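Colleague: Here you go, one structure.
The values are calculated or read from the model by the stated rules, or taken from the named source; none is laboratory data. Only a predicted model underlies this, so the values are computations on that prediction, with no experimental measurement involved. For neighbour counting, all protein chains shown are included, and Cβ atoms are generated from backbone atoms with ideal geometry for every residue, glycine included.
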Amino acid sequence: MIEEITAVFKHFQMWSLLGWYDVKHRYRRSLIGPFWITISTGVMVAMIGMMFSKIFKTDVAEFLPHFAVGQIIWLLISTQINDACVTFVQYQSVIKQVPVPLTVHVLRRLWCNFILFLHNFIIVIIVLVLFGRERPLPSWHFIPGLALVLMLLFFLSVILAIVCARFRDVTQIVGVFLQLAYFFTPIFWMKKVLSGKYLLVTELNPCYHMIEVVRAPLLGSAQEGLHGIFIAACIVVSAVMAFGLMKKLRDRVAYWL
Amino acid sequence: MTTAIEAQHLKVFYPLYGSSSRSLKKTLVRAATGGLIASDARDVNICAIDDVSFSIAEGERVGLVGHNGAGKTTLLRAMAGIYKPARGTLNVRGRIASLLDISLGMDDEFTGYENIYMRAVLMGIAKSELNKRMDEIIEFSELGDYIKMPMRTYSAGMSMRLAFSVCTAFPADIVLMDEWLSVGDAEFSKKAEARLMEFISKSSILVLASHKPEQIEKICNRVMTMNHGKIIGDSKKNAEKGAV
């Protein structure tokens, strides 16, 4: 059990190399490689950002950075959660041949998605520079915010990976849930349109807090403290669940694949 | 610390989830109806290893024989630490080299060079340790400049040669093998045989599952016969005969 936790450090070389190779693999034989995702996300953010600022009659300088940053963090969250469900199934050949801690596979996936996120982060920088004069300065507080998001994603991924290895239907349920979550989270709309009891849609929505803990400091509003506390609470709960599941079921996972 | 493998009343079950019991709905319905319809989806277990006890000491070269489905591969995987015992205990002391699937983790899109890293990291070899042996691995595989080419340009034999070279580069205390490895054309396979023999001679325990009696005869000094998940025969040969 304890090696599942120490694997983060002990098997660093293994999960970081394998995760990096996963990134490399995806874009083999293409000329500009992973920057295709930077380009595709960039085009999408620019077009939708401009169109929706017209639809919502908001200033582009206010809406586009809000949407760009939110969308890019959302991509990290949603791809990781989706991938988490198939992690053990995807790497079953490895799991059935090499006795490494299961968290290594989860970390491998998370690392791969984090590298892809860094490629997208270029867009965040471009957007913040473009609209820099009209906006407050970003604060470095987004870095601890991002660390919290990654920690929460890690524990959630451990839970989902184990549950989905046993119950394959959960993968589909999570997919549907994520699609809905995208619309219920202020990414392409702004929280200020909500009032009264409808505010609960954001206040109780972990996706909103995960996005905001990074987005708020980047957009220069000093509101991230409360979001950080909410996420920390989620981390504690999910960590307890992840450890519980690991302790009880890790020996069984190889048999389910 | 002496190298050893000890099993006490070892049992390994495979749960067999049909498509029905793997679904969440079935489990939820079962829970909600208080087990009334439980009979359709009770877990079916296949007992792959059934109450097996043995101990393998240093210097032993064990041949596992038996029909298909007798439990040889499952026993090897249990020794490798992949399948945890359902009942009983299994103690394995020593670093394991598992040659069950030598091309595990290798990928056609990557170059030979990258695949060496990929394969070695999955074997738990540190980068620094690998770099020391890198030249020797490439040299033995005889791939020459192909090592910089993607593996999809290789013939089947060439990829096997590469996988074999990496897997046999790092001696371990215990070697687990499912069928004797023979790779490459006539000339290479002679060279590979010698390397494999040397690799095994550096280890203190070998467990080889094989269907070829002459192979077992040549290498092993102890033969365990399996049938239906049980060990039905266990014979040791004279020590000098199996001096590999």
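Colleague: Which of (1) part of a helix (DSSP H, G or I); (2) surrounded by 14 or more Cβ atoms within 10 Å (Cβ to Cβ) is the odd one out, the single condition A:Leu118 does not satisfy?
Modeller: With respect to (1) part of a helix (DSSP H, G or I); (2) surrounded by 14 or more Cβ atoms within 10 Å (Cβ to Cβ), A:Leu118 is out only on (2).
Colleague: Please find, among A:Ile235, A:Ile187, the residue that is closer than 15 Å to A:Ile73 by Cβ, under 16 Å from the mean Cα position of the chain (by Cα) and either surrounded by 13 or more Cβ atoms within 10 Å (Cβ to Cβ) or modelled with pLDDT of 85 or more (or both).
Modeller: Answer to the selection: A:Ile187.
Colleague: I want to confirm something. Restricting to the range B:50-73 and keeping residues that are surrounded by fewer than 16 Cβ atoms within 10 Å (Cβ to Cβ) and acidic (Asp, Glu), which single residue is farthest from B:Ile96 (Cα to Cα)?
Modeller: Looking at the filtered set, the residue picked out is B:Asp51.
Colleague: Hey, among the residues in the range A:211-257 that are more than 18 Å from A:Ile2 (Cβ to Cβ), among the aliphatic types (A, V, I, L, M) and in contact with an Asp or Glu (Cβ under 7 Å, 6 or more places away or on another chain), which one's nearest to the other protein chains (Cβ to nearest Cβ)?
Modeller: A:Val213
Colleague: Something else about it: Can you tell me how many residues within the range A:190-212 are among the acidic types (Asp, Glu) and modelled with pLDDT of 90 or more?
Modeller: Within the range A:190-212, residues that are among the acidic types (Asp, Glu) and modelled with pLDDT of 90 or more number 1.
This table checks each residue for (1) within 14 Å of chain B (Cβ to nearest Cβ); (2) polar (S, T, N, Q); (3) in a helix (DSSP H, G or I).
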site	(1), (2), (3)
A:Ser30	yes, yes, no
A:Ile48	no, no, yes
A:Met51	no, no, yes
A:Val89	yes, no, yes
A:Gln97	yes, yes, no
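Colleague: To continue, here is another question. Give the residues of the range B:63-95 that are under 19 Å from B:Met224 (Cα atoms), more than 11 Å from chain A (Cβ to nearest Cβ) and either assigned to a loop (DSSP other than H, G, I, E, B) or out of contact with any strand residue (DSSP E or B) (no Cβ under 9 Å at 6 or more places or on another chain) (or both), sorted by residue number.
Modeller: Hits for the range B:63-95 are B:His67, B:Asn68, B:Gly69, B:Ala70, B:Gly71.
Rundown of residues vs (1) more than 18 Å from the chain's Cα centre (by Cα); (2) free of Cβ contacts under 8 Å to residues at least 60 places away in the same chain, yes/no style:
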{"site": "B:Glu179", "(1), (2)": "no, yes"}
{"site": "B:Ala194", "(1), (2)": "yes, yes"}
{"site": "B:Ser201", "(1), (2)": "no, yes"}
{"site": "B:Ser204", "(1), (2)": "no, no"}
{"site": "B:Ala209", "(1), (2)": "no, no"}
{"site": "B:Ile216", "(1), (2)": "no, no"}
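Colleague: Still on this structure, please answer the following. For the range A:94-115, name all the residues that are surrounded by fewer than 23 Cβ atoms within 10 Å (Cβ to Cβ) and polar (S, T, N, Q).
Modeller: Result: A:Gln97, single match.
Colleague: Hey, among the residues in the range B:96-139 that are hydroxyl-bearing (Ser, Thr, Tyr) and in a strand (DSSP E or B), which one's farthest from the other protein chains (Cβ to nearest Cβ)?
Modeller: My answer is B:Thr111.
Colleague: Considering every residue within the range A:198-218, establish whether at least one is among the hydroxyl-bearing types (Ser, Thr, Tyr), crowded, with 22+ Cβ neighbours inside 10 Å and over 26 Å from A:Val253 (Cβ atoms).
Modeller: Among the residues of the range A:198-218, at least one is among the hydroxyl-bearing types (Ser, Thr, Tyr), crowded, with 22+ Cβ neighbours inside 10 Å and over 26 Å from A:Val253 (Cβ atoms), which makes the answer yes.
Colleague: On to the next question. Please state which one of B:Gly157, B:Gly144, B:Gly112 is touching an Asp or Glu at 6+ places or on another chain (Cβ under 9 Å) and not aliphatic (A, V, I, L, M).
Modeller: B:Gly157
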